[in-house]
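Bear in mind these aren't lab numbers, they're just calculated from the coordinates by the rules spelled out. Being a predicted model, the structure only gives us computed values, none of them experimental. So basically every Cβ, Gly included, is an ideal-geometry build from the backbone, and we count neighbours across all protein chains shown.
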Amino acid sequence: MKTFFLFIMIVVTQIGHAQSTESTQTLLPITNEIRATLAQSIAVECTLMHSSKTFAIDGKNAAVFINVVDAMPPSNLSKSLDGIVMFVDNDNNSIDANFYYGENGESYLEFKVDDHKYYNKLTPTGVEFFGRFK
């Protein structure tokens with residue numbers, strides 16, 4: 001019985017380790033091409049779920065908003081969606097991102113582009129900016 005219990009514990013531990021390793025290894029940040037597209041945005045609109053606050057940025061400020069998006073993916077994913085960010089271009093096309101207040105100040109955006117998901121942490125400035133709306 002002890003051997004069976006030990007075997008089950010080892011299997012569960014290995015499965016959990018494999019899942020956590022897999023989830024962090026498969027997190028890809030946005031490509032340079034996507035970043036360049038986002039830098040051409042004429043507007044950025046955001047709705048935060050828990051506070052029901054919204055904000056919109058347009059003009060030159062929208063184009064530089066990409067600067068609050070770090071080049072690296074987060075180390076952990078949050079399970080609670082906190083907001084939606086929409087980057088709009090001249091043709092009214094948009095790239096949408098889900099926003100998450102991550103643990104330990106590691107907030108991030110989850111972009112979905114052409115059926116692929118990309119994850120980018122926010123810079124400290126981005127974390128501070130979004131923190132104002134919490």
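Loop-located trypsin sites (Lys or Arg not before Pro) in region 43-100 (DSSP state not H, G, I, E or B) with no more than 16 neighbouring Cβ atoms inside 10 Å: LYS53, LYS79. Compactness of region 94-134 is given as radius of gyration and Dmax, 10.8, 31 Å, from Cα positions.
According to the Cα-based calculation, Rg over Rh for region 58-99 is 1.02, with Rh computed by the Kirkwood formula. With a Förster radius of 25 Å applied to the beta-carbon distance between THR123 and LYS79, the computed FRET efficiency rounds to 0.65. Each of ARG35, ARG132 was scored by other Cβ atoms within 10 Å of its Cβ. Listed from fewest to most, they are ARG132, ARG35.
Here the Karplus curve 6.51 cos²θ - 1.76 cosθ + 1.60, taken at θ = phi - 60°, turns the phi angles of region 85-95 into couplings of 10, 10, 9, 10, 9, 4, 8, 6, 7, 9, 10 Hz, with x standing for Gly and Pro.
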